[in-house]
Each structure stands twice: as structure tokens, then as C-alpha cells.
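The values are calculated or read from the model by the stated rules, or taken from the named source; none is laboratory data. From a predicted model like this one, the values you see are computed outputs, not experimental measurements. Virtual Cβ from ideal backbone geometry, glycine too; neighbours counted across all protein chains shown.
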Ligand code: UDP
């Protein structure tokens with residue numbers, strides 16, 4: 001198939017492009033390189049079935065494809081706080097653009113939504129039926145609410161135009177190619193631990209997160225796009241092993257054999273207290289289950305971070321940043 005991956009130079013998108021090439025597909029990677037990086041696709045650009053188009057999906061463009069993945073949005077809190085309007089446009093205007101391409105090409109379409117659409121959840125763990133507890137004017141709203149609208153736009157294209165759509169709600173994901181300085185928990189803790197700096201835990205660290213290794217997530221995205229009977233489906237993808245932020249910090253200190261101490265800092269405003277996916281539906285419909293546990297995934301990620309820090313010290317910005 002010819003597969004368009006919007007956000008293909010990003011953290012998750014670059015792994016998805018590699019997996020699609022491995023499976024024999026032609027890949028058109030579309031990215032404006034704002035939070036993605038050409039470094040993430042450096043190993044792919046010479047591949048005969050890989051094409052890169054530097055393009056902002058909020059600007060009109062045309063392409064044809066048999067399948068369209070929409071992963072193009074800043075996704076870390078620091079990323080969307082820096083780019084709130086771009087985030088809103090990517091998830092709304094950009095979703096229209098990509099759905100129009102899918103509609104004209106009669107392609108399958110998958111949008112990556114987020115666990116953040118559940119807000120600070122009152123139900124735990126979160127099933128796909130849970131409607132969320134989101135503050136429409138809170139600090140995370142540019143991301144949460146635009147992703148919610150992205151889900152709505154996607155659903156209306158299926159209802160009105162019969163586009164073959166599915167929605168994936170991605171929970172916290174980590175692994176190689178995440179930006180060293182994107183401000184998320186796992187990159188921050190690994191960089192700090194490797195550098196022997198204090199580990200910055202926000203609040204008491206009692207808030208929980210469940211983290212999924214990127215290869216597992218990519219496997220779930222492939223299944224959600226290509227498995228039978230996924231039209232109209234909504235799937236949580238994440239690893240349900242839940243730990244407090246403090247426990248993740250302690251695990252990373254142990255795995256890096258770091259002398260770092262923990263430094264408690266102010267809690268982030270609007271920070272969800274608990275987050276953990278219920279993945280029963282993905283298990284049943286997609287036959288998907290995360291296979292890489294935290295220790296193995298963190299060790300792989302730490303290796304990549306160490307090498308990346310040695311190569312460039314810190315993240316080397318692309319010219320677009
Ligand atoms: N966090 C932290 N220290 C950091 C970065 C993040 O304690 O240096 C906390 C953050 O306040 C949140 C959790 O870790 O409670 C996960 O944050 P992240 O930025 O990874 O993404 P989120 O799940 O909030 O979207």
C-alpha cells in the first residue's frame with residue numbers, strides 16, 4: 001500500500017514509518033519539522049520506498065494514498081504550551097486536510113488522539129466509554145479540546161462521507177527518538193539521571209502514569225489501521241502497568257546506576273492525578289497486548305539517550321525550530 005504518515009518525522013511517527021517500510025509499504029512522510037526532526041528519519045531517507053514531504057498539514061496540499069495516519073501534533077505539555085495555536089490547528093484544520101485526502105483517495109484513515117481527552121479522570125482505569133473530565137479553558141485545553149474536536153471531525157467524515165476511519169487514544173509512550181528536552185517525565189528523568197543532576201519530581205510524585213514502549217504502540221497502530229473490523233473503532237493503546245511518578249524516578253535512578261537525588265518541585269497546574277488505560281477492547285478486537293515491560297523498555301531507551309547525549313550533548317534542533 002501507499003501509506004501517508006503525517007507527523008512521520010516525530011518520535012512515534014518515525015518508528016511507524018520504519019515499521020511500514022519493513023512490511024513492504026511505500027511511505028510518504030509528511031512533517032513540518034516543528035517538533036519532529038530530520039534526525040529521526042535520517043536512516044530512512046535513502047530507502048527506495050520512502051518519500052519525505054516538508055509540509056504543514058494546516059496549509060492546503062494534495063496527495064494520494066491507500067492509508068493515512070494522522071500523528072501530526074505537538075504532544076508533550078511543554079511542546080503544546082510553546083505552540084498552542086499550531087496544536088489547535090494541527091488537530092482541527094489539519095484533520096480536515098488529511099480527511100479530505102483520505103476521502104478523495106478512498107483511503108483508510110487513523111487519527112491518534114490521546115489519553116488527555118479523559119482530562120483529570122474520575123473513572124479509573126479509563127475505558128473508551130468514559131467521557132472525561134476536561135477543563136475547556138485550562139492550561140492543557142489547547143491539546144485536550146483540539147484532540148476531542150479532532151475525534152468529532154473524524155467521526156463526522158465517517159458518518160457523512162463514509163470514510164473508513166478509526167480513532168486511537170494514545171497513553172504515555174516513551175522510547176528512542178523522543179526529544180531529550182521535550183520536558184516529559186521519562187526524557188527528563190533519564191537525561192537528569194545520566195548527567196548526575198537532581199531528578200525533578202513535580203508535587204509529591206504520588207500522581208500516577210502508565211508508560212508504553214514505542215514499539216508496542218506502533219504494533220497497536222498497525223493493527224488498528226490494518227486489522228479487519230476496525231472501521232469506526234475507538235481504541236485505547238497504552239501499557240496498563242501503573243506506577244507513581246516517584247516510583248518511575250526511583251526505577252530510572254536504579255537502572256542508570258545514578259548518584260542523582262530527587263528534588264521535589266511545584267506541581268503542574270491541571271496535572272491529572274491518575275492515568276491508566278483499560279485496554280480490554282484493543283486486546284479483544286485487535287489481539288494487541290504490550291509485550292515490552294518497563295525495565296526492558298527503559299534500558300533500551302537509556303542506551304539510546306546515552307548515545308544521543310554523547311553525539312550531540314543535547315537535542316540538536318532542526319532548522320525549523
Ligand atoms: N513530571 C515530573 N517531572 C518532570 C516532568 C514531568 O514530575 O521533570 C510529572 C508531570 O508533572 C506529570 C507526569 O510526570 O505528573 C507526566 O508528565 P509528562 O510531561 O510526561 O506528560 P503528561 O502525562 O502530564 O501529559
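When 112, 97 are screened for being buried (at least 16 other Cβ atoms within 10 Å of the Cβ) and in a helix (DSSP H, G or I), only 97 passes.
Every residue, every condition in (1) modelled with pLDDT of 95 or more; (2) closer than 22 Å to residue 147 by Cβ; (3) in contact with a helix residue (DSSP H, G or I) (Cβ under 9 Å, 6 or more places away or on another chain), yes or no:
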| position | (1), (2), (3) |
| --- | --- |
| 212 | yes, yes, yes |
| 259 | yes, no, yes |
| 272 | no, yes, yes |
| 277 | yes, yes, yes |
| 313 | no, no, no |
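Looking at this structure, is residue 179 part of a loop (DSSP other than H, G, I, E, B) and either in contact with a strand residue (DSSP E or B) (Cβ under 7 Å, 6 or more places away or on another chain) or at pLDDT below 95 (or both)? Yes: the conditions hold for residue 179.
Residues in segment 225-240 that are surrounded by fewer than 21 Cβ atoms within 10 Å (Cβ to Cβ) and within 18 Å of residue 118 (Cβ to Cβ): 233, 234, 240.
The set of residues from segment 167-213 being more than 14 Å from the ligand (Cβ to nearest atom), crowded, with 21+ Cβ neighbours inside 10 Å and on the phi < 0 side of the Ramachandran plot comprises 167, 168, 213. Is it the case that segment 264-271 has a residue that's at positive phi, touching a residue at least 60 places away in the same chain (Cβ under 8 Å), surrounded by fewer than 18 Cβ atoms within 10 Å (Cβ to Cβ) and within 15 Å of the ligand (Cβ to nearest atom)? Scanning segment 264-271, I find at least one residue that is at positive phi, touching a residue at least 60 places away in the same chain (Cβ under 8 Å), surrounded by fewer than 18 Cβ atoms within 10 Å (Cβ to Cβ) and within 15 Å of the ligand (Cβ to nearest atom), so the answer is yes.
The set of residues in segment 123-142 being surrounded by fewer than 17 Cβ atoms within 10 Å (Cβ to Cβ), over 21 Å from residue 280 (Cα atoms) and within 16 Å of the ligand (Cβ to nearest atom) consists of 133, 135, 138, 139. What do you reckon, is residue 145 in a helix (DSSP H, G or I), within 16 Å of the ligand (Cβ to nearest atom) and under 15 Å from residue 88 (Cβ atoms)? The answer is yes for residue 145.
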